[in-house]
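Worksheet: one structure, shown below.
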Amino acid sequence: MTILDYFKLDARSAIVTGGLVGSGRGGCARLAIAGAAVALGATAAAIGSRRAVRISSGAAGRAIADNRDVSDPDDWPASVWRKPSETLLGTLTYS
(Lines give C-alpha, C1' and ligand atoms only; values in the text may rest on other atoms or scores of the structure.)
Protein backbone atom coordinates (compact mmCIF):
# COMPACT_ATOMS: atom_id res chain seq x y z
CA MET A 1 0.00 0.00 0.00
CA THR A 2 1.28 3.45 -0.92
CA ILE A 3 0.51 6.82 0.65
CA LEU A 4 -1.80 7.63 -2.29
CA ASP A 5 -4.07 4.74 -1.33
CA TYR A 6 -5.08 6.69 1.77
CA PHE A 7 -6.47 9.48 -0.42
CA LYS A 8 -8.63 7.36 -2.73
CA LEU A 9 -12.26 8.43 -2.93
CA ASP A 10 -13.64 5.52 -4.95
CA ALA A 11 -17.37 4.99 -4.30
CA ARG A 12 -17.62 8.47 -2.74
CA SER A 13 -19.59 11.46 -4.02
CA ALA A 14 -19.29 15.21 -3.76
CA ILE A 15 -21.45 18.18 -4.67
CA VAL A 16 -19.31 21.27 -5.17
CA THR A 17 -21.04 24.62 -5.45
CA GLY A 18 -19.06 27.15 -7.43
CA GLY A 19 -17.32 24.36 -9.28
CA LEU A 20 -16.70 26.35 -12.45
CA VAL A 21 -14.01 28.77 -11.32
CA GLY A 22 -11.15 29.22 -8.90
CA SER A 23 -10.70 26.86 -5.99
CA GLY A 24 -14.06 25.18 -6.68
CA ARG A 25 -12.88 24.20 -10.15
CA GLY A 26 -9.58 22.90 -8.80
CA GLY A 27 -11.35 21.05 -6.01
CA CYS A 28 -13.66 19.29 -8.48
CA ALA A 29 -10.70 18.16 -10.54
CA ARG A 30 -8.80 16.85 -7.51
CA LEU A 31 -11.85 14.99 -6.18
CA ALA A 32 -12.39 13.31 -9.56
CA ILE A 33 -8.70 12.41 -9.85
CA ALA A 34 -8.99 10.73 -6.45
CA GLY A 35 -11.92 8.67 -7.76
CA ALA A 36 -15.00 10.53 -6.50
CA ALA A 37 -18.17 11.17 -8.48
CA VAL A 38 -18.45 14.97 -8.57
CA ALA A 39 -21.42 17.21 -9.33
CA LEU A 40 -20.37 20.72 -10.29
CA GLY A 41 -22.98 23.09 -8.93
CA ALA A 42 -23.29 25.74 -11.62
CA THR A 43 -25.91 28.02 -13.09
CA ALA A 44 -24.18 28.24 -16.49
CA ALA A 45 -25.34 25.02 -18.15
CA ALA A 46 -23.11 25.03 -21.25
CA ILE A 47 -19.94 25.94 -19.37
CA GLY A 48 -20.69 23.45 -16.60
CA SER A 49 -21.15 20.61 -19.07
CA ARG A 50 -17.86 21.37 -20.86
CA ARG A 51 -15.95 21.57 -17.57
CA ALA A 52 -17.47 18.29 -16.38
CA VAL A 53 -16.30 16.56 -19.57
CA ARG A 54 -12.78 18.00 -19.13
CA ILE A 55 -12.61 16.96 -15.49
CA SER A 56 -13.86 13.44 -16.24
CA SER A 57 -11.34 12.78 -18.99
CA GLY A 58 -8.23 11.26 -17.52
CA ALA A 59 -9.68 11.05 -14.00
CA ALA A 60 -10.45 7.95 -11.98
CA GLY A 61 -13.83 9.40 -11.00
CA ARG A 62 -16.48 11.16 -13.00
CA ALA A 63 -18.00 14.62 -13.07
CA ILE A 64 -21.37 15.97 -14.13
CA ALA A 65 -22.73 19.49 -14.33
CA ASP A 66 -25.57 20.04 -11.88
CA ASN A 67 -27.16 23.15 -13.31
CA ARG A 68 -28.98 24.45 -10.27
CA ASP A 69 -29.13 27.77 -8.50
CA VAL A 70 -28.03 26.83 -4.99
CA SER A 71 -29.11 30.24 -3.71
CA ASP A 72 -32.71 29.29 -4.55
CA PRO A 73 -34.20 27.12 -1.76
CA ASP A 74 -36.60 25.47 -4.21
CA ASP A 75 -33.83 24.45 -6.60
CA TRP A 76 -31.28 23.08 -4.12
CA PRO A 77 -33.20 20.00 -2.88
CA ALA A 78 -33.79 18.86 -6.47
CA SER A 79 -30.05 18.80 -6.93
CA VAL A 80 -29.50 16.51 -3.96
CA TRP A 81 -32.57 14.29 -4.03
CA ARG A 82 -32.66 13.21 -7.66
CA LYS A 83 -32.38 9.49 -8.35
CA PRO A 84 -28.76 8.31 -8.26
CA SER A 85 -29.11 6.93 -11.79
CA GLU A 86 -29.91 10.44 -13.04
CA THR A 87 -27.02 12.19 -11.32
CA LEU A 88 -24.40 9.43 -11.71
CA LEU A 89 -23.44 10.09 -8.10
CA GLY A 90 -24.71 6.97 -6.43
CA THR A 91 -25.09 7.11 -2.67
CA LEU A 92 -24.32 10.45 -1.01
CA THR A 93 -22.46 10.47 2.27
CA TYR A 94 -22.94 13.50 4.48
CA SER A 95 -20.09 14.52 6.71
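Summary of computed values
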{"read-out": "Scan of the stretch 20-76 for residues that are of a type in the set (S, T, Y) and closer than 23 Å to D10 by Cα, ordered by number", "value": "S23, S49, S56, S57"}
{"read-out": "Number of positions in the stretch 1-50 that are more than 11 Å from the chain's Cα centre (by Cα) and within 27 Å of D72 (Cα to Cα)", "value": "11"}
{"read-out": "Meets criteria (surrounded by 16 or more Cβ atoms within 10 Å (Cβ to Cβ), in contact with a strand residue (DSSP E or B) (Cβ under 8 Å, 6 or more places away or on another chain), small (G, A, S) and at pLDDT 85 or above) for A36", "value": "yes"}
{"read-out": "Residue, farthest from the chain's Cα centre (by Cα), within the stretch 61-95, restricted to residues that are at pLDDT 80 or above and small (G, A, S)", "value": "G61"}
{"read-out": "Residues that are under 11 Å from I64 (Cα atoms) and of a type in the set (V, I, T), drawn from the stretch 10-45", "value": "I15, V16, V38"}
{"read-out": "Residue within the stretch 47-56 that is surrounded by fewer than 18 Cβ atoms within 10 Å (Cβ to Cβ), at pLDDT below 75 and out of contact with any Phe, Trp or Tyr (no Cβ under 6 Å at 6 or more places or on another chain) present", "value": "no"}
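The values are calculated or read from the model by the stated rules, or taken from the named source; none is laboratory data. The structure displayed is predicted, hence computed values, not measured ones. Backbone-built Cβ (ideal geometry, glycine too); neighbour counts: all protein chains shown.
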